[in-house]
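Taking it in order: structure first as structure tokens, then the write-up.
The values are calculated or read from the model by the stated rules, or taken from the named source; none is laboratory data. What you see is a predicted model, and the numbers here were worked out from it, not measured in a lab. Glycine also receives a Cβ, built like all others from the backbone with ideal geometry; neighbour counts cover every protein chain displayed.
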Amino acid sequence: MLIAVCSLGGSPGVTTWSVALAARWPEPAHPVVVECDPSGGSLAVRFGINPTPGLVSLTAAARRDTTAGLLWDHAQPLPGGLPVVVAPPGADYTRAALATLADSRRDSVSVLRSAAARPASMVIADCGRLDTGSPAVAIAREADRVLLLVRSRADELARLAAGLSLVDLWAMRPGLLLVGPGYSAAEVTRELGVPVIATIPHDDKGANALSGIAGPRRGPVRSPLGRAAHAVATALVEPRTEAPASDHASINERAAAHLVPRHEIPWPPVTSGGPTRNGMRLEDPR
């Protein structure tokens, strides 16, 4: 399966969620995170690992080879073991690499699509912020699922509503992930016509601990972020048993029943602000 994680504006924590989702993906799948954000990668700097091998070396190799196992040859393990294909921190190098990757298709099949078709493989593409000129749009178009992160407040939801048609996301049938407190899933679904998969809890304390700021006591298994990630991953694998998107408690309760330790990977905080009014028809939730 190939999952594209993206946003249409702001910084709702796309990379954070991509790593969390992969770290808590249920077995027996073998997840890998690929940084496809045209603005540049952050995982190499965040975790102090070398940017090579990574996206640049992958694109160079893909000119000659698009076999299913190629992606893993250019992945590195984060602390805890989760494999990631890191992008260089600069936007110029990353955009050039993504453009080359798009040109290296064989029989209309990309390296990511080929890897995702491998048995028990799970490729999570961190596509960053999508716009009409983003080379990551092609990756989102070929994904099995597109997860669109947005903070649950009026300004960012209005930006999302305006941008959906610009990048043809309607055709990609995205699922929304609401970040932090604000408007309810029912309100957002009613106004935008896009299904809300879940609300990601605001968990500064757990996120700070996971990023090494407050010690390693709370890993992905025990933190609210990790439990929510596991619940969403399980819902994607078993869509018929998906928990109600608006029910925070049910998501965490469901995840708690599946506490199978996976990759103990820290990630940085996902920040969110309160809702503001800027012309949307949504009622202010305060």
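Across region 18-31, a minimum of one residue is classified as in contact with a Phe, Trp or Tyr (Cβ under 6 Å, 6 or more places away or on another chain) and either among the aliphatic types (A, V, I, L, M) or without any contact (Cβ under 8 Å) to a residue 12 or more places away in the chain (or both). Would you mind stating whether residue 11 is closer than 30 Å to residue 224 by Cβ, touching a strand residue (DSSP E or B) at 6+ places or on another chain (Cβ under 6 Å) and either at pLDDT below 95 or part of a helix (DSSP H, G or I) (or both)? When the stated conditions are applied, residue 11 does not pass them. Assessment of region 34-45 against the conditions (assigned to a strand (DSSP E or B), surrounded by 23 or more Cβ atoms within 10 Å (Cβ to Cβ) and modelled with pLDDT of 90 or more) yields at least one matching residue.
Residues that are touching a residue at least 40 places away in the same chain (Cβ under 8 Å) and touching a strand residue (DSSP E or B) at 6+ places or on another chain (Cβ under 9 Å) within region 41-61 comprise 41, 42, 43, 44, 55, 58, listed in sequence order.
When region 93-146 is filtered for residues that are surrounded by fewer than 16 Cβ atoms within 10 Å (Cβ to Cβ), over 20 Å from residue 171 (Cα atoms) and either charged (D, E, K, R) or touching a Ser or Thr at 6+ places or on another chain (Cβ under 7 Å) (or both), the ones remaining, listed by number, are 103, 106, 107, 118.
For region 5-22, the set of residues classified as under 23 Å from residue 222 (Cβ atoms) and among the hydroxyl-bearing types (Ser, Thr, Tyr) consists of 15, 16, 18, listed by residue number.
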